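Below is one structure; the comments refer to it alone.
Values quoted throughout were computed directly from the atomic coordinates according to the rules given, and no laboratory measurement underlies them. Computed from a predicted model, the values in this text were never measured in an experiment. As a convention, Cβ positions derive from the backbone with ideal geometry for all residues, glycine included, and neighbour counts pool all protein chains shown.
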Amino acid sequence: MYLPPQFAARDPAHALAVMREQPFAQLISTDEEGFPFVTPIPLHAIEENDGLTLLGHVARPNPHAGHLRARPQALVVFQGPQAYMSPRVYPDLVRVPTWSY
C-alpha cells in the first residue's frame, strides 16, 4: 500500500485509538486462485500481553469463512476519518482535488 510519509502513524496508541473509534474495516484475504476477497466487517481490538487481537465474525455461508480456514492470513484496513479535499481549500490554484485519508 502506498503511504505518503505525512500520513504514516508512528504511535501504536494512536493506531489502536483509530481502530476503536472507527471499528468498521475491510477484511482482505485470497481465494483458491489467489484473487483478493474483501468483506466489510466491524472488528473489536483487544490488547493482550504479547500483542493485539482483532475479533470479528463472518457468516458461515460467506465464502470468506472458508478462505480464512484454508489460508489463515489476512490484511485488515481500518478506514478512519476521511474527506474529499477540494482545490478551493488550498491558498494556491495549482492543487488538484484529492481524498484526505
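What is the angle, in °, between the Cα long axis of helix 12-21 and the longest principal axis of the Cα atoms in the chain? Nearest 10 is fine, range 0 to 90.
80 degrees
Any idea what log10 I(q)/I(0) is at q = 0.13, 0.15, 0.22 Å⁻¹ for the chain, Debye with uniform C-alpha scatterers and no solvent?
Per q value, in the given order, log10 I(q)/I(0) is -0.63, -0.78, -1.22.
Report the FRET efficiency, 1/(1 + (r/R0)^6), for residue 86 and residue 9, where r is their Cβ-Cβ distance and R0 is 30 Å, rounded to 0.05.
Between residue 86 and residue 9 the formula returns 0.75.
Tell me, what is the FRET efficiency for residue 24 and residue 95 to the nearest 0.05, using R0 = 22 angstrom and their Cβ-Cβ distance as r?
Result of the calculation: an efficiency of 0.15.
As a test of the formula, what do you get for the chain when each DSSP H run with n ≥ 4 contributes -39,500 (n - 2.57) and the sum is divided by the residue count, at 222 nm and rounded to the nearest 500 deg cm²/dmol?
When only DSSP H runs of four or more count, the value is -5000 deg cm²/dmol.
Relative to the present Cα-Cα distance, how much length would full extension add between residue 55 and residue 74 at 0.36 nm per residue of separation?
5.6 nm
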